[in-house]
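Below is one structure, written out as structure tokens; the observations come after it.
The values are calculated or read from the model by the stated rules, or taken from the named source; none is laboratory data. Since the structure is predicted, the reported quantities are computational estimates derived from the model, not experimental observations. Here the Cβ positions follow ideal geometry from the backbone for every residue, glycine too, while neighbour counts run over all protein chains shown. Protein only, heavy atoms only, side chains kept; ligands, DNA and RNA dropped before computing areas. Shrake-Rupley method; radii C 1.70, N 1.55, O 1.52, S 1.80 Å.
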Amino acid sequence: MTPMWQTLLKIMVLIFALITAGTKPETVQADQPAQHRRPSDSKYWPPSKPLENATATAGHRPCGKDSNEEVKSFCSQVDNYPDLTALKTKLETKFAKFFLDDLQPTDVSARVGSTNEEEYLCKSSRRIMYPKKGLRADNTWQLIVNNEEFKQGIQFEECEGADLPCDYASNFANNYKPICRQHYVLQNLASIENEGKLDVVQQAFKIPSCCKCALLKLI
């Protein structure tokens, strides 16, 4: 190659280097959070909020409007409770077994086998109730037979702080979260049909049975 061509080639390389040096590549800071972009589609929906319990939304009150009961699983007062006179014969013959027990209140602190040295991690209360409405096994509400003539008493135990931390929570390992959980058992009760003509049926209802401290393992 002649000296003139060599000189020309060097000039071209120098010009190319000057041009490329003025253009810097785009960089992304690794310590900056990525920005979330909405898709161009106009049907973009923001993240949905978790659904709340149906019994607490839309002003729905399973118990009577004048009742001050906290909505859990039973109501002793309801609005427009039906007259059960037409069902008296059927209740006395086919459902008599539901009205035989005369429950007596018991002290939840006086558990069989417990000692004064034992202390439970979740507080609870036990009481007897004659409900007129309750939560069934499928989480729907239904009227229960309970009037002056036909009584069904149930004894249940409820958490005083359901879904709250257990006592002495700070003594557990850091990778566990102790939470008080309400437990239930199913019990058959004579109930009133929700639909159609007035009639009595047997249904399984959720009875609060005990309050336990559950350990949730944190990730």
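Counting only protein heavy atoms and a probe of 1.4 Å, the accessible surface of the stretch 141-186 is 49% carbon and sulfur.
Set the bar at 25 Å for Cα to Cα. Now go through K132/K212; K65/K94; K94/K206; K97/K123; K65/K123 and name every pair that lies beyond it.
The pairs that break the limit, which is 25 Å between Cα atoms, are K132/K212; K65/K94; K97/K123; K65/K123.
Sorting the segments 78-84, 180-186, 193-199 by their mean number of nearby beta carbons within 10 angstrom, highest to lowest, gives 180-186, 78-84, 193-199.
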